[in-house]
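Presented below is the structure to which this report refers.
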Protein chains: 2
Amino acid sequence: MRIAVLGTGEVGRALAGRCAEVGHDVVVGTRDPARTRERDGYAGWLDGHPEVRLVTNAEAGAHAELLVNATNGAGSLAALTDAGVAEHPEHPGLVVLDVANVLDFSGGGRYPGIGAAIDHSLAEQLQAAFPAADVVKGLNTMNCQVMARPDRVPGEHVTFVAGDDEEAKATVRDLLSAFGWPEHRVLDLGGLDAARATEMYLPLWLSLSGAAGTAEVNIAVCR
Amino acid sequence: MRIAVLGTGEVGRALAGRCAEVGHDVVVGTRDPARTRERDGYAGWLDGHPEVRLVTNAEAGAHAELLVNATNGAGSLAALTDAGVAEHPEHPGLVVLDVANVLDFSGGGRYPGIGAAIDHSLAEQLQAAFPAADVVKGLNTMNCQVMARPDRVPGEHVTFVAGDDEEAKATVRDLLSAFGWPEHRVLDLGGLDAARATEMYLPLWLSLSGAAGTAEVNIAVCR
């Protein structure tokens, strides 16, 4: 599958690397590839992942059958716009896997600002902005290393998918399966409005991570 | 210990009954005991729990060494005010265990309105209104039957405490231990601001409960 990852930070690197590793054709989109190359060791990361190509957001959008939104949530709308998701000429019904959260750490203090609330979420904002795409929320409830390699954390911990298009969710499930997520640990929460629930969970994840002293922490469901 | 439970709904009944069962001296506070008796089978519930006395909120406040806020979150401030928590003459340092959430189901739809956000929580609102009390947030992340009897759900599922007073948290921990919560499954998230995290988790709990088809569901932490 042709996958474009938007986002060149820790999350984008973890997911782009893993998508390539499990056999997909992966590009990473960024505003300015030359500048990204110079930043935060990105050139070194690319050298270690020669199968991943760094391109502009627009080129990434044109490449994508599946687009992974791994940008900072505050910049997601702009990045997907740059990627041409609005008119995405080659692939109507583009699947967008949105793993982002709108977190604002600029205020200091224990908790960041957070963009989700009970009546809205980033994923729904993206779906409303790009109605021809099929947005699926997933993986946003954990550290990116665990997203990409669930076996880094022991136990029956879970991830969630939410979205309004069943076929798009099935595409995302296939990708998660390739990452190592057993089917019974990918919980379908239903429509995309459930993204409110998973985005609002972030403060608890931050607390759990703080209490555990590690980012490699996740939750299991007991019933 | 002399415990007053504010709230006569399902949560108040489950917790008052359990507090009495584990040996505490329990009253339940309500605005109008005569009216409560006539409502929703409450008289029958009291007949089944003769060791629990139904009193006014003011009498409940005067009784309490530990006060359990099991009211609907939207009415909590008024109930604690009626209970005289502001001036609580006999017990400065009254411990308030706040298990409530501000949920508004009046709008219909999948998710209720919710009173918590990243910059405020019900527990902090109560602490600010009653500075002489020591508010501890706890148990608000699950169904009340599971709060009172954690062994109704299998597995290493957890509950959380948050509060600014260590002694008050220790008092709450003792109560949870009597309910059947093993010490290692009561996770201390630190100061009372962590109530934001546990109150914001409610939409995910609602989703998990919906997906599981049962209210008897809770989360475990994997690391």
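Remarks
- Total charge dipole magnitude, the stretch A:153-223, about the Cα centre, Cβ charges on Lys, Arg, Asp, Glu only, Debye to nearest 20: 340
- Placing +1 on each Lys and Arg Cβ and -1 on each Asp and Glu Cβ, with no other charges, gives the protein assembly as shown a dipole about its Cα centre of roughly 360 debye.
- Of B:Glu59, B:Glu199, B:Glu183, the one that fluctuates the most in a GNM where chain B has Cα springs shorter than 10 Å: B:Glu183
- Peptide-level mean, for A:101-109, of C-beta atoms on other protein chains within 10 Å: 1
- Distance between the stretch B:140-190 and the stretch B:31-48 - C-alpha centres, whole angstrom: 28
- Relative contact order (%) - criterion: Cα under 8 Å, at least six apart; region: chain B: 18
- A Förster distance of 45 Å, applied to the separation of the beta-carbon atoms of B:Ser106 and A:Thr214, puts the FRET efficiency at 0.65.
- The alpha-carbon of A:Lys169 sits under 22 angstrom from the alpha-carbons of these lysines, leaving out residues fewer than 8 places away in its chain: A:Lys137.
- For B:Asp40, inter-copy label distances in nm, listed shortest first [label point 7 Å out on the Cα-Cβ vector]: 5.0
- The stretch B:1-139 shape via C-alpha gyration tensor axes, a/c threshold 1.5: oblate
- Residue-averaged beta-carbon neighbours from other chains (10 angstrom radius) around B:204-215: 5
- Cα lying deepest toward the dipole's positive end in the stretch A:2-212, options A:Gly12, A:Thr81, A:Leu208, charges on Cβ: A:Leu208
- Projecting the Cα atoms of B:His184, B:Gly163, B:Gly48 onto the dipole axis of the stretch B:2-212, where Lys and Arg carry +1 and Asp and Glu carry -1 at the beta carbon, places B:Gly48 farthest toward the positive end.
- Inter-label distance, nm, simple model (7 Å from Cα along the C-beta direction), A:Glu38/B:Asn72: 6.0
- FRET efficiency for the B:Arg31 to B:Gln145 pair, using the beta carbon distance and R₀ = 25 Å, is estimated at 0.50.
- The listed peptides A:45-56, B:39-50, ordered by packing as a protection proxy, come out as A:45-56, B:39-50 (highest mean of other Cβ atoms within 10 Å first).
- Charged side chains reduced to their Cβ positions (Lys and Arg at +1, Asp and Glu at -1) give chain B a dipole of some 680 debye around its Cα centre.
- Rounded to the nearest 500, the 222 nm mean residue ellipticity of the protein assembly as shown from helices alone is -10000 deg cm²/dmol, with -39,500 (n - 2.57) taken per DSSP H run of at least 4 residues.
- Taking the label point 7 Å along Cα→Cβ, B:Arg110 and its counterparts in the other copies are spaced 3.0 nm apart, in ascending order.
- Per residue of A:183-190, other chain Cβ atoms within 10 Å of the residue Cβ number 2 on average.
- Mean Cβ count within 10 Å, highest first, over the residues of peptides B:71-78, A:94-101, A:78-85: A:94-101, A:78-85, B:71-78
- Cβ-vector label at 7 Å, A:Asp164, separations to other copies in nm: 4.4
Rule-based calculations on the coordinates, nothing more; no lab input. Only a predicted model underlies this, so the values are computations on that prediction, with no experimental measurement involved. All Cβ positions, even for glycine, are placed from backbone atoms using ideal geometry, and neighbour counts span all protein chains on display.
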